[in-house]
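Let me begin by presenting the structure, written as structure tokens, before commenting on it.
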Protein chains: 2
Amino acid sequence: MTQSVTPPLTKADTGSLVIAGLGPGDEAMVTDEVRQALAAATDVVGYIPYVKRIAPRDGLTLHATDNRVEVDRATHALEMAAEGKRVVVVSSGDPGVFAMASAVFEALENGPQDWLDLDIRVLPGITAMLAAAAQLGAPLGHDFAAINLSDNLKPWDLIETRLRAAGAAGFAMAFYNPRSKSRPHQFARALEILREACGPETLISFARDVTKPTQNITTVRLADATPEMADMRTMVIVGNRDTRRIGRHVFTPRYAE
Amino acid sequence: MTQSVTPPLTKADTGSLVIAGLGPGDEAMVTDEVRQALAAATDVVGYIPYVKRIAPRDGLTLHATDNRVEVDRATHALEMAAEGKRVVVVSSGDPGVFAMASAVFEALENGPQDWLDLDIRVLPGITAMLAAAAQLGAPLGHDFAAINLSDNLKPWDLIETRLRAAGAAGFAMAFYNPRSKSRPHQFARALEILREACGPETLISFARDVTKPTQNITTVRLADATPEMADMRTMVIVGNRDTRRIGRHVFTPRYAE
């Protein structure tokens, strides 16, 4: 009589792909469902600093890449899921907000037909703008727009159009990727547009390394904002005309006229 | 010699007020820091269905109210914190997104000066639009606007202006409180405006009771959307012109022209 053994993971097993949000950095902001997905994973894929947050263990392969081409990383993850592995793609913040989820679906669109049967799930996380807003008080407590200020994947003109439109309609705004070394002049231009569209007295907050030990948060009037207040690790939040301070807090009231 | 004892909680102890997000409904989406705050609370305050999610225990008083006046609830919470209690105000989703955080700061503004010294913190949660987006795929993977469609606290004209502005500038959109019995015609009007501003082929998703056992999600073209597809328990997400389906998923690509 042979001994009963747990069958090895074979190609016949159904693979899965989970795209999970790790939140902004503080481990206490990770949800239970994300922890559970990580505990069940055979493979974790992601950009180096995010994969560094995952504890190594037997049976888990960590695929940390420095590759900035997110669709390549997504394709690799889909390939492994198609081989029967339980793959988790890790994103900081929420994977659906300027992160890995859209890249996975773009890769899925370019892949073989049978990938469409794969078990693919997105697990939300605390996105940087909401972590920053919570640290500040409630600057996004009224209608707001979330804008990626990087022109890597869209023309800069479109970004300018959106800043003007959002400002004119009285939206508060949250900016991801506000400034990089390769395009330092663009954020200066964004501030000019915002001063015109929102008025110089409108409050703007710069939240760097949100929820990390190095967190640094500053709030000034748009009139006093300068481009070097932001870098790629900064979340920028612009209020609407009603946004104001109360004690240590910055908030936007729920009402508008 | 007297025995050393833990001092009782007195008025001299510093009270605190935490405004915590419980996420959309699934307990696995609550963060650890919110659980920890609830475990340390002496008093939990909130709207009945949210307080029902908190397990009773010795030393914890639950204040479930049916009062829709959020500033009254916030004032009560601040009063208890000022008396030295450890108060947690619970919100569904994220407290900073059309929930209790702004109401607390409005109440703080109207309260006595010494409330400004209170220890007040906002703990983010998974907000309904990001939970709905994750269930759908990644419809908010590009620039988007979050709009509260209720005209309780702002004029309906302003909502129309914002729908037109966001549509014209190519934002995807997420709508909170899309439709109530008291204003059934307004959501019909919103759909008209969206068809004009975004084009009839643009996808719109209706996510009711997101992450709850009763969850129901539908995606149609704006041309085929009807007002009764939404009620107050529905999160509505409108894509931009690039938003499309791939297999069971709906996503917005990261790029735009």
* Local electrostatic count, residue A:99, Cβ distance below 12 Å [Lys/Arg +1, Asp/Glu -1] -> 0
* Of the DSSP beta bridges with both residues in the protein assembly as shown, give the percent that are antiparallel, rounding to the nearest 5. => 45 percent
* Alpha carbon centre of the stretch A:153-188 versus the stretch A:102-138: separation in Å? -> 22 Å
* Structure fact -> Nearest-0.05 FRET efficiency for residue B:188 and residue A:39 at R0 = 45 Å, using Cβ-Cβ distance, is 0.45
* **Set of the stretch A:205-239 residues, backbone N closer than 17 Å to the point 7 Å along the Cα-Cβ line of residue B:121** => A:210-217
* Asked: Under 18 Å Cα-Cα from residue B:212, which aspartates and glutamates qualify once same-chain neighbours fewer than 8 residues away are excluded?
  -> A:32, A:33, B:26, B:27, B:94, B:231
* With +1 on each Lys and Arg Cβ and -1 on each Asp and Glu Cβ, how big is the dipole of the protein assembly as shown about its Cα centre, in debye rounded to the nearest 20? -> 100 debye
* What order do you get for A:60-68, B:86-94, B:197-205 when each peptide is scored by the mean count of other beta carbon atoms within 10 Å, highest first? -> B:86-94, B:197-205, A:60-68
* To do: Report relative contact order for chain A in percent, whole number only (criteria: Cα-Cα under 8 Å, sequence separation at least 6).
  => 19 percent
* DSSP-defined beta bridges in the stretch B:16-126 - what % are antiparallel, rounded to 5 -> 5 percent
* Could you give the size of the charge dipole of the stretch A:69-134 about its Cα centre, using +1 on the Cβ of each K and R and -1 on the Cβ of each D and E, expressed in debye and rounded to the nearest 20? => 300 debye
* Structure fact -> Measuring from its Cα centre, the stretch A:91-164 shows a charge dipole (+1 at each Lys and Arg Cβ, -1 at each Asp and Glu Cβ) which, in debye to the nearest 20, is 360 debye
* Asked: Given the stretch B:107-257, what percent of its DSSP beta bridges are antiparallel, to the nearest 5?
  -> 70 percent
* Asked: Average partner chain C-beta neighbours within 10 Å, per residue of B:110-119?
  -> 1
* To do: Provide B:102, B:182 in ascending order of the number of other Cβ atoms located within 10 Å of each residue's Cβ, fewest first.
  => B:182, B:102
* Structure fact -> For A:32, B:43, ascending order of other Cβ atoms within 10 Å (fewest first) is A:32, B:43
* Among A:193, B:147, A:19, which comes first, second and so on when ranked by fewest other beta-carbon atoms within 10 Å? -> A:193, B:147, A:19
* Please find, in a Gaussian network model of chain A (springs between Cα atoms separated by less than 10 Å), the residue of A:219, A:31, A:161 whose mean-square fluctuation is greatest. => A:161
* Please report the orientation-averaged projected area of the stretch B:129-251, defined via the convex hull of its C-alpha atoms, in nm². => 6.9 nm²
* Structure fact -> Computed over the protein assembly as shown, the Cα gyration tensor eigenvalues, each multiplied by 5 and square-rooted, give semi-axes in Å (largest first) of 34, 30, 24
* Among B:114, B:143, B:242, whose mean-square fluctuation peaks in a Gaussian network model of chain B (Cα, cutoff 10 Å)? -> B:114
* What helices in chain B pass both tests, a Cα length along the helix axis of 24 Å or more and a mean Kyte hydropathy of 0.5 or higher, using whole DSSP H runs? -> none
* Value at 222 nm in deg cm²/dmol, rounded to 500, when DSSP H runs of n ≥ 4 in the protein assembly as shown each add -39,500 (n - 2.57) -> -8500 deg cm²/dmol
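Across the residues of B:90-97, average count of Cβ atoms on other protein chains within 10 Å? It would help to have the intermediate numbers written out before the result.
Values: counts 0, 0, 0, 1, 8, 5, 15, 8.
Partner-chain Cβ atoms within 10 Å, mean over residues of B:90-97: 5.
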* In the neighborhood of residue B:214, defined by Cβ-to-Cβ distances under 14 Å, what is the net charge if each Lys or Arg adds +1 and each Asp or Glu adds -1? -> 0
* Asked: Among A:132, A:165, A:107, which one moves the most in a GNM of chain A with springs linking Cα atoms closer than 10 Å?
  -> A:165
* What average number of partner chain Cβ atoms lie no more than 10 Å from the Cβ of the residues making up B:143-156? -> 5
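Coordinate-derived values only; no laboratory data. Given the structure is predicted, the values throughout are model-derived calculations rather than measurements. Note that each Cβ is placed from the backbone with ideal geometry, even for glycine, and that neighbours are counted across all protein chains shown.
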